[in-house]
Amino acid sequence: NVFTNVVHKKSVVLTSGFGMPSLYHALVVIFLEFFAWGLLTMPVISVLNTTFPDHTFLMNGLVMGIKGSLSFLSAPLVGALSDVCGRKLFLLITVFFTCLPIPLMTINSFWFFAMISISGVFAVTFSVVFAYVADVTNEKERSLAYGLVSATFAASMVISPALGAYLMERWSMSVVVALATAIAILDVFFILVAVPESLPEKVRVSPISWEQADPFSSLRNVGKDPTILLLCIAVFLSYLPEAGQYSCIFVYLKLVMGWSAPMVAVFVGLVGLLAVLTQVCLGALIKNLGCKHTIMLGLLFEMLQLLWYGFGTTTWMMWAAGILASMSSITYPAISAFVSIHSTADRQGVVQGMVTGMRGLCNGLGPAMFGLIFYIFHVDLNEENDVKSTSAT
C-alpha cells in the first residue's frame, strides 16, 4: 500500500519525545486543544449570529452537521492508520487540522465556518488519544485513565469560556482569537517535541487495505462482534440527542433564554467543573458497579437532563439540567473503557475508530436534526429580537 508506506516513512521522524509515553502526555494534548476552542465559545456565538442573523440555529446545525459527518467518514481510516504508523503522527495531524480554522475567525467569518465544517475530516483526536492511553495502561488502570481523559476535556471548559468572554468584553475578539491560536500552536509544538510514540513497532499491524478506510465497511464489521455492536448502538442512541443539544445549547441560552455572555460562560465553567469531579470517580464506579452498570447509570442521568432541558422554562431549571448533564458525562468514557478492555492491543485504534466514527455520525445527524427542528418551529432569531416573545413562540 503506497499511501501507508509514505505515511510510515514520515512517522519515522516523529520518534522524539520527553520520557516514556504516559497518560499525562495525552492529557496535555486534550487540554490544550479544547481550551483553545473553549476560549471561542462566546465569540463563536456572536460571529454566528452576525454572519447568519436570519438562520442562526439552522446554519449552526448545518456547520456542525457537516463536520460530524466528515468525522464519521474519516474516523475508521485514522484509527486504522494509527495502528500501522503509530499514534504520535496522527495526534499531530488531528490537532493541527482541527485547530486550523481558529485564526480565520477575525479574517473572514464565512471561511471560518467553512473550514470548521471541513476540519471534521480530522476531528477525531479523542479516538487517537484513547488508543494512546490504551497503549500505556493495563486493563485495571484503563477505566480510571479514560475517566481522567474525559475529566481533562471537561476541565478545559471550566475557565476558558469565561476567560474568552471577559477578554472579548475587556479588549476585543481579536485578542481572544490570538490567544486561542497561540494555545493551538503550543499544542502542536508539544506533540512534535514532547510526546513520545506509544505504539511499539512489534505491536503494529501490517499495512491496511482501503476496505478498512470505508466507514460503512467498519459499521458492517461492528456487527461481527455482538459486544462491540451493542456498545456502538448505545453510543448512537445516547449521543445523537446529546450532540444536537451540545451544538446549540450555548446559543439557545443566550438568544432564547436571554442569558448574558458572562452568565453562559459561568454556566459552562461550573458544569465542566462538576463533570471533572464526576469523571474522576469513573474508575471507582466501574470497579464497584462494573462497566455495564456504570454505562446504564450515565444513560439514566442523560435521559433526565434531556427531559429537564426540554421542559425547562426558567433559569433554575437550566442550572438543574446542567448538574444532571455533568453526571451523565461518564457514559462515553465508560463505553470507551469497555471497548478497550474487550479488544486486543493491536486493534485499539480500529475499535476506538469505530466508536468515534459512530460518535461522529451522531455529531453530523444530531446538530442537523436540532437545527431543522428549531427552524421549523421558528426558534431562529438574532440578538435584537425580543426574547420573551420568542420564548412564548
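Structure summary
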quantity	calculated
Complete set of residues in the range 153-172 that are among the polar types (S, T, N, Q) and open to solvent by less than 20 Å² (accessible area, probe 1.4 Å)	156, 160
Some residue of the range 173-184 being buried (at least 19 other Cβ atoms within 10 Å of the Cβ), aliphatic (A, V, I, L, M), part of a helix (DSSP H, G or I) and touching an Asp or Glu at 6+ places or on another chain (Cβ under 8 Å)	yes
Members of the range 282-306 that are surrounded by fewer than 16 Cβ atoms within 10 Å (Cβ to Cβ) and of a type outside the set (Lys, Arg)	284, 288, 289, 290, 293, 296, 300, 303
From 137, 98, 94, residue being of a type in the set (Val, Ile, Thr) and within 23 Å of residue 250 (Cα to Cα)	98
Residue among 52, 57, 90, 96 that is open to solvent by 10 Å² or more (accessible area, probe 1.4 Å) and farther than 22 Å from residue 176 by Cα	90
Residue that is open to solvent by less than 50 Å² (accessible area, probe 1.4 Å), more than 21 Å from residue 365 (Cα to Cα) and within 19 Å of the chain's Cα centre (by Cα), where the choices are 42, 105, 115	42
Residue count, the range 253-265 (criterion: out of contact with any helix residue (DSSP H, G or I) (no Cβ under 6 Å at 6 or more places or on another chain) and under 16 Å from residue 40 (Cα atoms))	2
Helices (runs of 4 or more DSSP H) completely within the range 83-136 that count 3 or more residues being under 22 Å from residue 58 (Cα atoms)	109-118
Boolean, residue 271 is touching a Lys or Arg at 6+ places or on another chain (Cβ under 9 Å), under 15 Å from residue 322 (Cα atoms) and surrounded by 20 or more Cβ atoms within 10 Å (Cβ to Cβ)	no
Enumeration of residues in the range 118-143 that are surrounded by fewer than 22 Cβ atoms within 10 Å (Cβ to Cβ) and over 18 Å from the mean Cα position of the chain (by Cα)	135, 136, 137, 138, 139, 140, 141
Criterion: aliphatic (A, V, I, L, M), over 16 Å from residue 188 (Cβ atoms) and out of contact with any His (no Cβ under 8 Å at 6 or more places or on another chain) - qualifying residue of 123, 36, 131	131
Residue list for the range 231-273, filter: at pLDDT 80 or above and charged (D, E, K, R)	242
Qualifying positions in the range 21-52 - part of a loop (DSSP other than H, G, I, E, B) and either in contact with a Leu (Cβ under 6 Å, 6 or more places away or on another chain) or at pLDDT 85 or above (or both)	22, 40
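The values are calculated or read from the model by the stated rules, or taken from the named source; none is laboratory data. Quick caveat: nothing in here was measured; it's all calculated off a predicted structure. As a convention, Cβ positions derive from the backbone with ideal geometry for all residues, glycine included, and neighbour counts pool all protein chains shown. Side chains included, ligands, DNA and RNA excluded: accessible areas come from the protein's heavy atoms. Shrake-Rupley method; radii C 1.70, N 1.55, O 1.52, S 1.80 Å.
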